1. Once the principal axes of the Cα atoms of the chain are found, what is the range along each, listed largest first in whole angstroms?
2. Rank G277, G114, G99 by mean-square fluctuation in a GNM of the chain with C-alpha springs under 10 angstrom and give only the top-ranked residue.
3. Non-local amide H neighbours of T318 (under 5 Å, H modeled in plane, Pro and chain starts lacking H): which ones?
4. So for segment 168-226, considering every pair of alpha-carbon atoms, how many percent are separated by more than 17 Å?
5. Note down the magnitude of the dipole of segment 88-199 about its Cα centre, charges +1 on Lys and Arg C-beta and -1 on Asp and Glu C-beta and zero elsewhere, to the nearest 20 debye.
6. If the viscosity is 1.306 mPa s and the temperature 10 °C, what translational diffusion coefficient in µm²/s does Stokes-Einstein give for segment 203-274 when Rh comes from Kirkwood over Cα pairs?
7. What is the ratio of the Cα radius of gyration of segment 118-247 to 2.2 N^0.38 Å, with N the residue count, to two decimals?
8. Return the sequence-ordered ³J(HN,Hα) values of segment 37-45 in whole Hz as given by the Karplus equation 6.51 cos²θ - 1.76 cosθ + 1.60 applied to θ = phi - 60°, using x for Gly and Pro.
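The numbers here are math on the coordinates, done by the rules we state, and not lab data. Computed from a prediction, not measured in an experiment: that's the story for all the values here. Cβ coordinates were reconstructed from backbone atoms using ideal geometry, including for glycine residues, and neighbour counts include every protein chain displayed.
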Amino acid sequence: MNSTIRTTLCAALVAATATVAHAQQPFDGLKDAYEGFFKMGVAVNQRNIADSLQSALLVQNYNSITAENDMKPEPTEPSEGNFRWDAADRIANFCRKNGLRMRGHCLVWHNQIGRWMFEGENGQATKEELLQRMRRHIHAIVSRYRDVVYCWDVVNEAITDDPRADNPYRPSTLYQIAGEEFIEKAFVYAHEADPDALLFYNDYNETDPVKCERICQMVERMKARGIPIHGIGMQGHYNIHYPDSALLEAAINNYRRVVDHIHVTELDIRANREKGGQLQFSRTVEADVDSLDALLTAQYTRVFDVFRRHADVIDCVTFWNLSDRDSWLGADNYATPFDTQYQPKPAYYGIRDWR
Ligand code: G3I
């Protein structure tokens, strides 16, 4: 047998053995590997729940589902009083059928919210008009899904990204009209609609020390005023270099001072030095795929080591998007545990087979 054939056969044998080895791991999927630590979740779109392979991956690996877009303010109430539930219902019904619970995302956000919320007779809506519209929206969606949604991202990204800003709040239209009251009232309304739901404040760049401190100070103010807030959502839009374990752990130690529940809500790890949930991002990749697998696996392994150390306060870790094909960052950013063909990447096994 010539050397080329022998080499090829050896490589095939190694690959087959590796596959069998992975398959023989004692865990079926990610949720099994983290039983006793925290739920494993994923943000889904309509294709994920309709496709047989993708929906099988959802059921095999996750026990918490987030609607990536379909439960947001604008898709569910595009104009005043005109509710559209069909897309959100399909995801909720998929979860009900498969015995899965949901993270509700999201009730109030400066993005993907109907502009009608801010319009009034004389141009801009009054604070009273905005709060009344928010209250009706929140009661409508929270009561509709309270059987399947166990927690809500009540307010998303209300803290500024500008470390030099005197005012800690994002200068959104929501804030311009109602000040920080829109944040507090959103939590009050959500608690009215479902007193059993855990209510989260959710943000990105949450490991940045200045932003982290501002989030903690806001939550402490809210709790001092008796506002029903239960947790902080760390979105987790990271990259292969950031954050390092120390920075991530410092943020978690800060958040656990002020809340009893932390969720990692939108975890993905992109292949460059950008981070966060802003909609402007590049698709430049700084490494070739071979080294990228090693870099991605190393960073996912690092962050999950930290998450497991804080499993007493971290209840759920949710990936943002099922695969690179679904990723809001684009496939080039190589950000998720599954590739564009829905095959597990080495990073998947690094996350699952940690023991
Ligand atoms: O639904 C319309 C469709 O009718 C239209 O044909 C199409 C083309 O314009 O756009 C569709 O809307 C898009 C929507 O996703 C649904 O696919 C919006 O343009 C697009 O901007 C929107 O992007 C979403 C983004 O939030 C919006 O800000 C991403 O998919 C979603 O992953 C992303 O998720 C956010 C979290 O909710 C909050 N944290 C940050 C994270 C990333 O930005």
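1. Its Cα atoms span 85, 43, 37 Å along the three principal axes.
2. So, out of G277, G114, G99, the one fluctuating most is G99.
3. Sorted by chain and number, the residues that satisfy this are G41, V264, T265, E266, L267.
4. Summing the P(r) of segment 168-226 above 17 Å gives 46 percent of all pairs.
5. With Lys and Arg at +1 and Asp and Glu at -1, about 620 debye.
6. D, rounded to a whole number, is 126 µm²/s.
7. Working it through for segment 118-247, the quotient is 1.13.
8. 10, 7, 5, 10, x, 8, 8, 10, 10
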